[in-house]
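Visitor: Right, I'll just put the structure down here and ask away after.
Derivation of every value follows stated rules applied to the coordinates shown; laboratory data play no part. Keep in mind that what you see is a predicted model, and the values were worked out from it rather than measured. Glycine also receives a Cβ, built like all others from the backbone with ideal geometry; neighbour counts cover every protein chain displayed.
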């Protein structure tokens, strides 16, 4: 089984996918005219606009839901893994894929908003890649082809978010807790996490959004503050750390020059796993938001990539490298020879993952480091599992939304809830290697399907961006009329626009 998983992983995460993510990011950066820099003020303003309604969550709640999926084990264990197998230079490539991916995130999330719809079962907004793949070309002769493509993506997402990915987060929780308190057996973590998870997921999108809006910002801020304190203590290491990252990233460092290709591969792989730009996860949360123009939520999700990678991941990277608590392997696994070690005397027993960050924190907060990282991991990873459940449920609802018998739909949702609880338990008690390998397969499957898909569907998102900017220049609060932009099958928005026009006529 392990051989089969590694074989599939090697095919999905071939260099083709790594460079495809970078090339598509460059393409959308050009097409959006460097949106990720010039629209930063708009990103910030859009985050705090609007309130939740019976059908949708607020922009901030949607951001929190998105960050719940983005800020997880990847921000701690994932960064450590990238450094361990790609060297410090992998951090630069994580930054690169985040910068370029911000424009990709805008495109996919705007598409999620344009083609969202109301769930017949709950009345809540639903959307995501499966929805926009089906609807964008519904009026053309390619309708059947894109509907099949949408179903494939939906199935892959249910598989990835419902089975593969929760195990990575659960494993991070169990590993972190055992690193801080060795007496906590993985089964104990499994039981506690599963009970808490069951309480949240049965409450639907509103409970998920409310929980994420409270927990995610608080934990992210506390974690970054802790990392800043470590940075202040090691302030003399700021220049050497950045020098090491850049020299390793371009193969000019003596120790890490031989693994330049590996640095790019692991940086991009862990960057996508962490910030999820292009993976197709962000559009699910984006579609749930109540906004007046689809592009506004695209801006919010573009900023989410920055928060995840440029803030949280960078905090972890500086924490590990500045304290010297890392070990780099030459062959992409812990069974490979050690290429180099940091100066922090990392214990021989420290496995790749949370242990790097735990030992790093312990250099400043003696005796408290493992506990702080363990608690951070619990909240980061737990909220990510919740976000995964929401995405899996949204895609299962897509696959079953035309079933006339609502009881079958409800039974399918209950079945999914059971499956993700089992996957969480298994993730806690399985080895970290198998959990990460399955997680990489899940991320890679979604990324392949979504990135190729949005290249064909980019026009509506780019048209929405131009429309938003033109209305801004006129001093208007942007609203959306898809028909005027020749965007078809955006039924929700067309009905909203037509209803608003009728009300305006009656008022006059």
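Visitor: Can you tell me what percent of all Cα-Cα pairs in segment 306-419 are more than 23 Å apart? Could you put the intermediate results ahead of the total?
Guide: Details: 3276 of 6441 pairs.
So the pairs more than 23 Å apart make up 51 percent of the total in segment 306-419.
Visitor: Tilt of helix 2-12 relative to the longest C-alpha principal axis of the chain, in degrees (0 to 90, nearest 10)?
Guide: 50 degrees
Visitor: Under 8 Å for C-alpha pairs, at least 6 residues apart: give me the relative contact order for segment 256-345, rounded to a whole percent. Each step should come with its number before you reach the end.
Guide: Details: 57 pairs, mean separation 18.4, N = 90.
Relative contact order here is 20 percent.
Visitor: Okay, next question. Divide, for segment 373-497, the radius of gyration over alpha carbons by 2.2 N^0.38 Å, where N is the residue count. The partial results should precede the final answer.
Guide: Details: Rg = 20.3 Å, N = 125, 2.2 N^0.38 = 13.8 Å.
Against the compact-globule rule of thumb, the ratio is 1.47.
Visitor: With 10 angstrom as the radius, rank 264, 420 by how many other C-beta atoms surround their C-beta, starting from the fewest.
Guide: On the way: 264 23, 420 28.
Final ranking by Cβ density, sparse to dense: 264, 420.
Visitor: Ratio to report: Rg/Rh of the chain, with Cα atoms as the point set and Rh obtained by the Kirkwood method; give two decimals.
Guide: With Rh from the inverse mean 1/r over Cα pairs, Rg/Rh is 0.97.
Visitor: Need the C-alpha centroid separation for segment 87-119 versus segment 280-314, integer Å.
Guide: Computed from Cα coordinates, the inter-centre distance equals 8 Å.
Visitor: Just the ratio, please: alpha-carbon radius of gyration of segment 456-508 over 2.2 N^0.38 Å, N its number of residues.
Guide: Ratio of Rg to 2.2 N^0.38 Å for segment 456-508: 1.24.
Visitor: Please compute the alpha carbon radius of gyration of segment 419-486, then divide it by the globular-protein estimate 2.2 N^0.38 Å. Two decimals is fine. List each step's numbers first, then the result.
Guide: Numbers: Rg = 20.8 Å, N = 68, 2.2 N^0.38 = 10.9 Å.
After normalising by residue count via 2.2 N^0.38 Å, the value is 1.91.
Visitor: Here is a follow-up. Given the peptides 455-461, 280-286, arrange them by the average over their residues of other C-beta atoms within 10 Å, most packed first.
Guide: Ranked by mean Cβ neighbours within 10 Å, highest first: 280-286, 455-461.
Visitor: Defining a contact as two alpha carbons under 8 Å apart and six or more residues distant in sequence, what relative contact order in percent does segment 9-165 show?
Guide: For segment 9-165, the relative contact order is 20 percent.
Visitor: Of the listed peptides 225-237, 394-406, what is their order by residue-averaged count of other C-beta atoms within 10 Å, with the highest listed first?
Guide: Put in order of decreasing packing, that is 394-406, 225-237.
Visitor: If you don't mind, another one. Would you please put 369-376, 106-113, 487-494, 319-326 in order of how densely packed they are, using the mean number of other Cβ atoms within 10 angstrom per residue and starting with the highest?
Guide: 106-113, 319-326, 369-376, 487-494
Visitor: Follow-up question, since we're still on this one. If a/c stays under 1.5 just call it rounded; otherwise compare a/b with b/c (prolate if a/b is bigger, oblate if not). Do that for segment 13-158, with a ≥ b ≥ c from the square roots of the Cα gyration tensor eigenvalues.
Guide: Numbers: a/c = 1.64, a/b = 1.32, b/c = 1.24.
Cα axes put segment 13-158 in the prolate bin.
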